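First comes the structure, then the notes that go with it.
The values are calculated or read from the model by the stated rules, or taken from the named source; none is laboratory data. Quick caveat: nothing in here was measured; it's all calculated off a predicted structure. Counting neighbours? That spans all protein chains shown, and the Cβs are built from the backbone with ideal geometry, glycine included. Keep in mind that these areas ignore ligands, DNA and RNA; they rest on the heavy atoms of the full protein, side chains included. Shrake-Rupley method; radii C 1.70, N 1.55, O 1.52, S 1.80 Å.
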Amino acid sequence: MKSAWKVYVLALISFLVGTSNYVISGILDRIAETLGISVATAGQLITVYSLAYAVVTPILMALTAKMDRRKLLLYSLGLFIAANLLTYILSGFGLFIAARIITAIGAGVVTVNALSIAAKIAPSGKQASAIANVTMGITASLIIGVPLGRMVASAFGWKAIFLVIAIVGAISMLVIAAVFPRMKGDKPVPLINQFALLKKPQVLVALAITFFWLGGYSLAYTYITPFLLEVTHINESLISAVLFVFGIASLIGSKVGGYSTDKRGIKFTLISGMVLHVISLLLLALVGQSVIAVFAILILWSFAAWSSAPAQQFNLVSLVPESSGVMLSLNSSMMQLSMAVGAGMGGLIVNRISLASITWFGVLGVLIAIIAVFVLFSTGLRYSAAQSADKKLQ
């Protein structure tokens, strides 16, 4: 099998991992109804998943750094498949929580390892494209996996989604075992060295941007399906179409965000994207029950939110270029942590205030992220960090 096809297999795996993660938001009402729990309680499935992913993944990657990459991918994918099967077989909210924790542990290692393997097997000069293709698998899960999951849930029940993920994952596992070569592990970077970067004020402020930007997004997106059904009164038959359009807008937003970062810079892209993010959440709270208006605002929201992603990743890489890999690892954990907190806060808000108010609290999170961007760029923190990095590289 040519290296390009191997990368597509890795992209398929990242698609499965992304679908297993994001699809919960698309079927939250179905899960709550089946398990006899509130929507807010069901939302904590995302909190638990993201926390497990954020905390355990860097630890496991540090402990398994020397391990053969192919073997590690097979083991972690096997764990991911088993967890999805458990989700399909087991009943009860407590057991579902346990299955989600196991899923997150497997998914975290699978995702990081798939990106690493893609770079190793790609021809010289095409490593970045290979990594981008694997990343696109995760984006595709938002575009295709979530609305498709909603359709499967409507036709066969929501648990069938996880059975399908497990079956396709098992087929992928057989392909990897048959055609992927053995690959040496990497030189381990001790966890204490990774977390040493957190002592730098500019790194903490930069990671705070990720935390509040994505936390504000997650707070609202976790409950998007019940919000659309109960607050804007979108017809059930339109939910899959809404989620599909939302995913398409996220892909376009990510592309435009990358282009804008290259042409206009990090600060402009982050600020403009987050301002549009705030405006779209405010409009969503005020839109009423117009289907066309809801569609338009959701497109703007998804576009704006995901336009910040490439700018923020480049922001972190260029902030401490000599430790770019560690910065991206820390950012990945921060993203999952922010989603966990966002989903958790969203549950409290839905329970104690109202489902309709989640967009207002999402706005608050994104506004704090905007302030963090101004702090980073206006106080000299970012300039001093880049200058220090340049001296080390000379």
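Count of region 65-105 residues, restricted to those that are among the aromatic types (Phe, Trp, Tyr) and farther than 21 Å from Gln336 by Cα, is 3. Of these, Ala82, Ala104, which one is open to solvent by less than 30 Å² (accessible area, probe 1.4 Å) and of a type outside the set (Phe, Trp, Tyr)? Exactly one of Ala82, Ala104 is open to solvent by less than 30 Å² (accessible area, probe 1.4 Å) and of a type outside the set (Phe, Trp, Tyr), namely Ala104. Looking across region 290-322, the residues that are among the β-branched types (Val, Ile, Thr) and open to solvent by 50 Å² or more (accessible area, probe 1.4 Å) come down to Val291, Ile292, Ile299.
Residue-level check: of (1) open to solvent by 10 Å² or more (accessible area, probe 1.4 Å); (2) at pLDDT 85 or above, Ser172 misses just (1). Among the residues of region 218-243, those that are open to solvent by 10 Å² or more (accessible area, probe 1.4 Å) and not acidic (Asp, Glu) comprise Leu219, Tyr221, Leu229, Val231, His233, Asn235, Ser237, Leu238, Ser240, Ala241. Considering only residues of region 271-307 that are hydroxyl-bearing (Ser, Thr, Tyr) and touching a Leu at 6+ places or on another chain (Cβ under 9 Å), which is nearest to Phe211 (Cα to Cα)? Result: Ser307.
Considered as a group, the residues in region 358-394 that are open to solvent by 80 Å² or more (accessible area, probe 1.4 Å) and at pLDDT 90 or above include one that is nearest to Ser338 (Cα to Cα), and that residue is Leu364.
When the test is whether a residue is modelled with pLDDT under 80, over 30 Å from Leu51 (Cβ atoms) and either in contact with a Phe, Trp or Tyr (Cβ under 7 Å, 6 or more places away or on another chain) or of a type outside the set (A, V, I, L, M) (or both), Gln313 does not pass it.
Within region 175-187, the set of residues being in a loop (DSSP other than H, G, I, E, B) and open to solvent by 30 Å² or more (accessible area, probe 1.4 Å) comprises Pro181, Arg182, Lys184, Asp186, Lys187. Taking each residue of region 254-279 that is over 13 Å from Ala309 (Cα atoms) and looking for partners that are modelled with pLDDT under 95 and surrounded by 22 or more Cβ atoms within 10 Å (Cβ to Cβ) with beta-carbon atoms closer than 7 Å, six or more apart or interchain, yields Leu276/Ala304.
Taking the criterion of being over 18 Å from Val110 (Cα atoms) and open to solvent by 10 Å² or more (accessible area, probe 1.4 Å), the residues of region 6-44 that qualify are Asp29, Arg30, Glu33, Thr34, Leu35, Gly36, Ile37, Ser38, Val39, Thr41, Gln44.
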